[in-house]
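Each remark here refers to the structure printed beneath this line.
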Amino acid sequence: MATTQLPAPAPHRPFPLPSLLALATAVFVTALTETLPAGVLPGMGESLGVGESAAGQTVTVYAIGSAVTAIPLTAATAGSGRKRLLLTAMGGFALANTVTAVSGSYPLTLAARFLAGVAAGLAWAVLAGYARRLVPVGQQGRAMAVAMAGVPVALSLGVPIGTFVGRISAWWVPFLAMTALAVGVVGWIAALLPDQPGQPDGERAPVRRALTVPGVAPVLTVTVLFVLAHTVLFTYIAPLLDRAGLGGATGTVLLVFGLASLASIWLTGAHIHRRLRQLTIGGALLVAVTAGVLAVRSGSAPAVYLAALLWGLGWGGAPTLLQTALGDAGGEHADAAQSVLVTLWNVAMAAGGVVGGVVLGALGTAALAWTVLALMLPVLAVVVGARRHAFPPVR
């Protein structure tokens, strides 16, 4: 009697937490390098012989560097190994932060910050795909959540700590600390991360083809509006709280936001594989409610802290959700689509500062929260409507 030979079970692959934590630290370096000047502007400006407004352009130049180079760099390096590219990006951060720390020249500092932006454009184009490729399909959402945890940690803890260190020592000390961290990440990545190949010549697709893939355009639209709304609120939260008589509580409000963001990332990682659509709708709704609360109850301390909690819960998982949705929609064109996301993300961040400034100057702080709400309503509309390819009920 013949017997049926059953296939051997697939070998169990342990979740690569050390490798993903290396990616999360690389994300932390990327996010904190961008925002660190905001906490040390007075000392930086004085050292460079410029005002705080001019010193603040070091953040703008960084965003420009990312925005203008992400797409061409992604196209030029499509065939290169992912590990080498990430190591190059971290080396770029180490160099840029070192030059920023020791430079006494404003033009040289701007050049260093532009270089850091270029490194960020390369890093962001690699990081999301790298995290997804380290695990089986069923664990990709969780892997993305771990890797993207570096963003809220940088904003909620890294910026305040960097600001404190800069005040008790010198403004440039945090930048040297970032150099040391970037060098450490280089060693960590070199030792632990398995390499991932680039795409062969015959499999590469131009960016414009990625934009025609069903689902890609809605995800990018949501990304621009969501990031724009968040940046307006994050950039101008201090004057909004000042108007409400809570200016002294800005740090505490941002701490609540940061801790809620970490909780949001954990929830996202636990449920993204089955509930990406529901989590995205929920996150957008929470940020919209945040704006509504701040618009009508910004004078109430309990309402403000509740808004900060909802804001963090709504925003914390957004980078993971949007990059995962884009990776799913883009398919084999995911890397090219991610390069567009990096560009649009930085454009939205730069635009958020401009839009918020115009609203603040023309209409006052009371209009900031209403502006955020007006931006989040179409986000909700697109996510709810794009259920077939961009944000499907079942992944």
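The values are calculated or read from the model by the stated rules, or taken from the named source; none is laboratory data. All of these numbers come straight from a predicted model, not from anything done at the bench. When we count neighbours, we look across all protein chains shown, and the Cβ atoms used for this are built from the backbone with ideal geometry, even at glycine. The protein model used for the area step is the full one, side chains on, heavy atoms only, and it has no ligands, DNA or RNA in it. Shrake-Rupley method; radii C 1.70, N 1.55, O 1.52, S 1.80 Å.
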| request: Could you tell me which residue of region 113-132 is nearest to the chain's Cα centre (by Cα), considering only residues that are of a type in the set (Phe, Trp, Tyr) and open to solvent by 10 Å² or more (accessible area, probe 1.4 Å)? | output: TRP124
| request: Report the residue count in region 58-73 for those that are open to solvent by 20 Å² or more (accessible area, probe 1.4 Å), in contact with a helix residue (DSSP H, G or I) (Cβ under 7 Å, 6 or more places away or on another chain) and not aliphatic (A, V, I, L, M). | output: 2
| field | Pairs where the first residue, in region 28-53, is part of a loop (DSSP other than H, G, I, E, B) and the second is surrounded by fewer than 22 Cβ atoms within 10 Å (Cβ to Cβ), C-beta under 7 Å, 6+ apart | value | VAL40/THR163; GLY49/TYR106; VAL50/TYR106; GLY51/GLY45
| message | All but one of (1) among the hydrophobic types (A, V, I, L, M, F, W, C); (2) open to solvent by less than 40 Å² (accessible area, probe 1.4 Å); (3) assigned to a helix (DSSP H, G or I) hold for VAL135; state the number of the condition that does not hold. | response | (3)
| query | Counting just the residues of region 81-107 that are in contact with a helix residue (DSSP H, G or I) (Cβ under 9 Å, 6 or more places away or on another chain) and outside any helix (DSSP H, G or I), which one comes out surrounded by the fewest Cβ atoms within 10 Å (Cβ to Cβ)? | reply | GLY104
| Can you pull out the residues in region 138-175 that are among the aliphatic types (A, V, I, L, M) and either in a loop (DSSP other than H, G, I, E, B) or closer than 29 Å to SER103 by Cα (or both)? | ALA149, VAL151, VAL153, ALA154, LEU155, LEU157, VAL159, ILE161, VAL165, ILE168, ALA170, VAL173
| request: Pick out the one residue from VAL358, VAL354 that is under 26 Å from ALA70 (Cα atoms), open to solvent by 10 Å² or more (accessible area, probe 1.4 Å) and free of Cβ contacts under 8 Å to residues at least 12 places away in the same chain. | output: VAL354
| Which condition number does LEU110 fail, the rest of (1) at pLDDT 80 or above; (2) open to solvent by less than 20 Å² (accessible area, probe 1.4 Å) being met? | (2)
